[in-house]
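What follows is a short report on a single structure.
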Amino acid sequence: MPADGRINVAGAAEGEEIDPLAIAPWSGHAGARLFTPAVLDRGLDALEAGQQADGGRDFSRAKWNPAAA
């Protein structure tokens, strides 16, 4: 497992990764055993930092899929 917990997706677009919270989406999830607590904490911090004041998230299809741009 990479030290930062981010896993490259084989056969996907360049730079596409799976983050630790996709594998361990809640506390106590079996996938959490694959990561250090620090890696999971950084993932939670990034998730919190991306939250808008109204509780929503910025989702741009163009960011997610360049073909949509």
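FYI, it's all coordinate maths here, none of it is from the lab. Computed from a predicted model, the values in this text were never measured in an experiment. As a convention, Cβ positions derive from the backbone with ideal geometry for all residues, glycine included, and neighbour counts pool all protein chains shown.
Ordering 19-31, 41-53 by mean Cβ neighbour count within 10 Å, with the highest value first, yields 19-31, 41-53. Consider a paramagnetic label point 7 Å from the Cα of Ala49 along Cα→Cβ; state which residues of region 19-33 have an amide N under 16 Å from it. Label zone hits: 19-21.
Between Asp4 and Asp58, the contour length at 0.36 nm per residue exceeds the alpha carbon distance by 17.1 nm.
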